[in-house]
Amino acid sequence: MTLPGWTREPLVHFLVGGALLFVLFAWTGGNAVDPSSRLIAVDRAQQAQLALQFERTMSRPPTDAEIDAAIAQFVRDEVLYREALRLGLDRGDAVVRRRLVAKMDMTASAAAETAVPEEPTLRAYFKENRARYSGATSVSFDQLYFKSEAAARRALATGVVAGDPISLPARMEAAAPGEIEARFGETFTRALAGIAANGEWAGPIRSGFGWHIARVSAREGVEPDFETLAPRIANDWRSAQIAERKRRAYQVLREGYRVEIDR
């Protein structure tokens, strides 16, 4: 059966995930608790949940004594949790705030964490991010340093390629990626991998020192192979999906707020 296109929208997954989370909390007696209630009900479903948690931790079912201890611990936690809510200890607590934010992010990205992308999807991602999987073992390049991005862009536009003084090497011959990263940093190394080895100045690219323009004269190595890299590509694709779903879910929620910041 082919599902409608809207069922693949991240926002739909976010809303459905939120609804499921709400139902789960209601079932487990988690965040649905009424702090004003003096009744703590440990029904069969709750006991089964406690037994399951024990089994996941200990890799065996609990004994009668152990499930009694788990219930006693649950009741103790519930009493203290409700009293903490009554005292308002959840408000203004940075740890509680961070955990709630993390739960919202997890709700938005839950579907992506277990997604199994089809091969055409992975091949398209691989093609779009080919530079990341470059099998190059060495790069020969020149670089010029600039204190500002504007100065670097001006040099590229005018062809007057004279940078500012810095102790970094102006040229590296057959340098390994690790060697480049040790001198220029990860951001620079990743950006350099995307520059064609045609001897033309390109950029600006950023490092921890400032801005650079670079020209790659040679790159040696093997072409990245999709079949070999497929597991890594799938993980990278999944991470990208999680980040994108978090971003889009936040954007939808953010549009419902007006933010005023005094400067």
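Taken together, the values in this text are just the output of simple stated rules run on the coordinates, not laboratory data. Small disclaimer: the values here were computed from a predicted structure and weren't measured. Quick reminder, even Gly has a Cβ in these numbers, built from the backbone with ideal geometry, and neighbours come from all protein chains shown.
About its Cα centre, how strong a charge dipole does the stretch 61-172 have in debye, to the nearest 20, once Lys and Arg get +1 and Asp and Glu get -1 at the Cβ? Don't skip to the answer; put the middle values down first.
On the way: 16 positive and 16 negative charges, 180 e Å.
The dipole of the stretch 61-172 has a size of about 860 debye.
How far, in nm, would the chain grow between N129 and R258 when pulled straight, counting 0.36 nm per residue and subtracting the alpha carbon separation? Before the final figure, lay out each step's value.
On the way: separation 129, 0.36 × 129 = 46.44 nm, distance 3.63 nm.
Using 0.36 nm per residue and subtracting the Cα-Cα distance, I get 42.8 nm.
Cross-link candidates for K103: which lysines have Cα within less than 23 Å, leaving aside residues fewer than 8 places away along the same chain?
K246
Could you tell me the calculated FRET efficiency between R154 and L89, based on Cβ-Cβ distance and R0 = 45 angstrom, to the nearest 0.05? Let's see the in-between values first.
Working: r = 56 Å, r/R0 = 1.25.
After rounding, the FRET efficiency stands at 0.20.
For R171 paired with L52, estimate the spin-label separation in nm (one decimal), with each label point 7 Å from Cα along the Cα-to-Cβ line.
6.6
I want to check the label-to-label distance for I71 and S217. Put each point 7 Å from Cα in the C-beta direction and report it in nm to one decimal.
Result for the modelled spin labels: 8.0 nm.
Could the peptides 118-127, 139-148 be put in order, highest first, of the mean number of other beta-carbon atoms found within 10 Å of their residues? Working shown, then result.
Values: 118-127: 13.3, 139-148: 19.9.
Top to bottom by mean Cβ count within 10 Å: 139-148, 118-127.
Ranked highest first by the average count of other Cβ atoms within 10 Å around their residues, in what order do 59-65, 226-232 fall?
Values: 59-65: 10.0, 226-232: 11.7.
Listed from highest to lowest mean packing, they are 226-232, 59-65.
Taking Cα atoms of the stretch 99-256, Rg/Rh with Kirkwood Rh, to two decimals? All intermediate terms of the calculation are to be shown ahead of the outcome.
Details: Rg = 19.3 Å, Rh = 18.0 Å.
In the stretch 99-256, Rg relative to Rh is 1.07.
Using Cα positions and a limit of under 19 Å, work out the aspartates and glutamates in reach of K127, with same-chain residues fewer than 8 apart set aside.
Within the straight-line limit of under 19 Å, K127 reaches these aspartates and glutamates: E118, E119, E223, D225, E227, D236, E244.
Grab the other residues whose beta carbon is less than 12 angstrom from that of A51, score K and R as +1, D and E as -1, and report the net.
Values: positive: R44, R56, R60; negative: E55, D64, E66, D68.
Its environment carries a net charge of -1.
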